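Here's the structure, in structure tokens; my notes come after.
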Amino acid sequence: MTHTRTELSALLETYGLKPSRALGQNFVVDPNTVRRIARLAGVRAGDLVLEIGAGLGSLTLALLETGAEVHAMEVDKYLLDPLRSIVEPRGAFVHHANALDAPYATILGGREAVVVANLPYNVATPLVLHLLEAEPLIVRMLVMVQREVGERLAAHAGDEAYGAVSLRVQYFADARVVGKVGPTVFLPRPNVESALVEIIRRPQVRINPKVASEADLFEVIRTSFSQRRKMLRRSLAGWASEGVFERAGVAATRRPEELTLEEFAQLVQHR
């Protein structure tokens, strides 16, 4: 069983708790939504699943229904006792940790894992990037984030939301929006819609370091998007060497939001 709105409200009252604005807490109170998330995550019996920001266990319970081994991470010390009382008897492991500096090696024990999470809006982007950059054992993610953030994480060249963050994700993984979630399934109700984003890590990074090093590649990307509405000849005026656009086969009149990751790599290679 997963929490309904009535049940979760009663839990908060029993423990004298209120959702923390500082921690961006919006608890899911719809059983159909959490089961949908578990289904979209492709979680199966025997999988190792790490849930970040478990709250009071609504999604945790849905993940446990799949038969997966679930490790639930929560930073709010005031939620730990009720969370443990709800999910540990059903087989979950609860960890008190900040996801940005958690001991993932210890928690995962050298095993590959899937992250499934309802992420606080204020930390979603840095956390997703941290997991891609620093935690290779996390091979797949299904995260619920603010819709605007989700569109940015999954955007491709030419999309309105496309930017440096989109390219950073693409360097490590394939990402796509697989669903939308309205505000009515949360307590408290947020003022925005949410998106469900699937992120699947590639076995290797997308750009061969022999073509463009990671540092050089993201230097030109950051420089370009610092003036995203300007043509490359303007935004990269201080970076580009003479003739680099011609050698790379990239028109200097294009704008950064039009370029693929490979085209940025061509600029680096022919600088």
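The values are calculated or read from the model by the stated rules, or taken from the named source; none is laboratory data. All values derive from a computational prediction rather than experimental measurement. Cβ: placed from backbone, ideal geometry, glycine included. Neighbour counts: every protein chain shown.
Can G238 be described as over 24 Å from the mean Cα position of the chain (by Cα), at pLDDT 95 or above and farther than 18 Å from L261 by Cα?
no
Go through (1) buried (at least 16 other Cβ atoms within 10 Å of the Cβ); (2) under 15 Å from the mean Cα position of the chain (by Cα) and name the single condition I200 misses.
(1)
Would you check which residues across the range 235-254 are in a loop (DSSP other than H, G, I, E, B) and among the charged types (D, E, K, R) and list them?
E242, R254
Within the set of pairs 6+ apart or on separate chains, which have a first residue in the range 234-253 that is not assigned by TED's automatic domain parsing to the domain that holds F264, a second that is surrounded by fewer than 11 Cβ atoms within 10 Å (Cβ to Cβ), and C-beta atoms under 8 Å apart?
none
I'd like the full set of residues that are assigned to a loop (DSSP other than H, G, I, E, B) and either at pLDDT below 95 or farther than 20 Å from A22 by Cβ (or both), limited to the range 64-96.
E65, T66, G67, A68, G91, A92
Would you check if A113 is at pLDDT 95 or above and under 23 Å from the mean Cα position of the chain (by Cα)?
For A113, the condition - at pLDDT 95 or above and under 23 Å from the mean Cα position of the chain (by Cα) - is met.
Only one of (1) under 30 Å from A155 (Cβ atoms); (2) surrounded by fewer than 18 Cβ atoms within 10 Å (Cβ to Cβ); (3) touching a Leu at 6+ places or on another chain (Cβ under 8 Å) fails for P82. Which number is that?
Condition not satisfied by P82: (1).
Only one residue in R84, R35, R111 is basic (K, R), touching a residue at least 60 places away in the same chain (Cβ under 8 Å) and in the same structural domain as G150 (by TED's automatic domain parsing). Which one?
Answer to the check: R111.
Restricting to the range 97-129, and then to whatever is touching a Lys or Arg at 6+ places or on another chain (Cβ under 8 Å) and not in a helix (DSSP H, G or I), can you tell me which residue is surrounded by the fewest Cβ atoms within 10 Å (Cβ to Cβ)?
V114
Yes/no per residue for (1) part of a strand (DSSP E or B); (2) among the small types (G, A, S); (3) surrounded by fewer than 13 Cβ atoms within 10 Å (Cβ to Cβ); (4) touching a Gly at 6+ places or on another chain (Cβ under 9 Å):
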| position | (1), (2), (3), (4) |
| --- | --- |
| D159 | no, no, no, no |
| Y162 | no, no, no, no |
| D174 | yes, no, no, no |
| V177 | yes, no, no, yes |
| A195 | yes, yes, no, yes |
| I207 | no, no, no, no |
| K210 | no, no, yes, no |
| F218 | no, no, no, no |
| R233 | no, no, no, no |
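Which ones in the range 43-67 are more than 17 Å from V28 (Cα to Cα) and surrounded by 23 or more Cβ atoms within 10 Å (Cβ to Cβ)?
Correct list: V43, V49, L50.
Within the group L167, L61, L132, L153, which residue is part of a helix (DSSP H, G or I), assigned by TED's automatic domain parsing to the domain that holds E193, farther than 24 Å from I207 by Cα and at pLDDT 95 or above?
L61
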